[in-house]
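Visitor: Could you have a look at this structure, given as structure tokens, before my questions?
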Amino acid sequence: MSITQFFRILWARRWIILPAFLVCVTTAALVVQFLPERYRATTRIVLETFKPDPVTGQVMNSQFMRAFVETQTQLIEDYATSGRVVDELGWANDPANIAAFQASSAAATGDIRRWLANQIIQNTKADVIDGTNILEISYSDSSPDRAERIANMIRSAFLAQSLTAKRQAATKSAEWYTQQAEAARQALLAAVQARTDFVKKSGVVLTETGGDLDTQKLEQLQGQSAAAAVPVAAAASAMGPAQLQLAQIDQQIQQAATNLGPNHPAFQALQRQRDVLARAAAAERSQAGAAVGSGRGVIESAANAQRARVLGNRQDVDRVMQLQRDVTLKQDQYMKAAQRVADLRLEASSNDTGMSTLSEASAPDTPYYPKVPLIIGGAAGFGLSLGLLVALLVELLGRRVRSPDDLEVAADAPVLGVVQSRTALAARLRRTHESLGERAGTHGASVN
């Protein structure tokens, strides 16, 4: 079938196509008039996910960002949020709503609040704008003013519900941590009591640095003993009066030996004097060493006694240190639990939801539904397609010959001639005569 044949069929069946097209367009125009108008109001919230928590200072990990955003969108379309809106609107006490609920299939449940909340949920949509942390809430209604009002209520109810949920979670966690803190406090008191009882029993006392008093005293005695060794050496090397005189006599003897000789009476007198001074110098050294040595001996004796005591109390000291470490550990556990309780109680009293209102709800002046151009255009396309389909089906069921081409296709043979009807021949001759007359008139005008 050629394109010419196709258009001939359409022209021949135009009384099928045109009514189908007009019926569909007219029906769509009538339906549009009765469709209720719907207005959509939108409000926006900023999710402050990148801001540190005012209490804990923590920042949300990007790993949990998608789950957090999805949770917020689900909460907006949840019964907890829409139920708050129903309560604020007072719909559950409206006689018209009560009558509509009694006439609905949900009347058997007896829960009008949930039934009304589901209607709000059906007209509510929440989504995050791509590439941002802005959450958009939209609500559809037949009245633009009512759509704006309810959209704002949904936003406020969602923020209030989020704050309530956050406070409840913080309060519940605080209660659990309070129990843990109390258990840690009792364990700390028991550990302190055990350490105190053992200290009283053993007599071992720990210092602020973590060591015991006996060990500290031993270290002090060892330091004193080391310090006492220096005076002994100094006393041994110090020179008294007799030693100084002995040194002078030695110099004189050395000179006399050179000048006088060993048998000279003066030299021998110097020798006798030196013997006396040598005995005196030896007595001086002995007295000084004995005095210093006696003091060092006392210190070393005390250090040895203290060392024996420390070694004897080593097991008790280790036990006290172990008890002290246990006290320190339980004290750290208690402090952490108590700090967590304080943080959670502060969070439970906080008014920060981690979200803020970006814009109030607004609805356009024109309804988003019904979209008249789209509906009329779709009906026109459908009507035209339907008319074409019906025309082709009618043509296939009752095929006709409308041109020599149709005859060639039907007979599968070439057309040798076309015999026109008398009416068609007369019309053709008339058109030919008129054409010749116009040409003759044009030729005469050009000769003149």
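The values are calculated or read from the model by the stated rules, or taken from the named source; none is laboratory data. Keep in mind the model is a prediction, meaning the values are calculated, not measured. All Cβ positions, even for glycine, are placed from backbone atoms using ideal geometry, and neighbour counts span all protein chains on display.
Visitor: Considering every residue within the stretch 373-386, establish whether at least one is in a helix (DSSP H, G or I) and aromatic (Phe, Trp, Tyr).
Guide: Checked the stretch 373-386: at least one residue is in a helix (DSSP H, G or I) and aromatic (Phe, Trp, Tyr).
Visitor: Sticking with this structure for a sec: Scan the stretch 108-143 residue by residue and report those that are part of a loop (DSSP other than H, G, I, E, B) and at negative phi.
Guide: Passing the criteria: Asp111, Asn123, Ile129, Asp130, Thr132, Asn133, Ser142, Ser143.
Visitor: OK, next. Do we find that Val230 is more than 29 Å from Thr328 (Cβ to Cβ), in a helix (DSSP H, G or I) and at pLDDT below 85 in this structure?
Guide: yes
Visitor: If we scan the stretch 307-324, do we find a residue that is surrounded by 13 or more Cβ atoms within 10 Å (Cβ to Cβ), modelled with pLDDT under 80 and under 30 Å from Ser142 (Cα atoms)?
Guide: no
Results for (1) in contact with a strand residue (DSSP E or B) (Cβ under 7 Å, 6 or more places away or on another chain); (2) surrounded by 19 or more Cβ atoms within 10 Å (Cβ to Cβ); (3) not aliphatic (A, V, I, L, M), shown as yes or no for each residue.
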site: Tyr79; (1), (2), (3): no, no, yes
site: Val85; (1), (2), (3): no, yes, no
site: Asp94; (1), (2), (3): no, no, yes
site: Gln102; (1), (2), (3): no, no, yes
site: Ala117; (1), (2), (3): no, yes, no
site: Pro144; (1), (2), (3): yes, yes, yes
site: Arg155; (1), (2), (3): yes, yes, yes
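Visitor: Have a look at Ala194, Ala181, Ala187, Ala174 and point out the one that is modelled with pLDDT under 90 and in contact with a helix residue (DSSP H, G or I) (Cβ under 7 Å, 6 or more places away or on another chain).
Guide: Residue meeting the stated conditions: Ala194.
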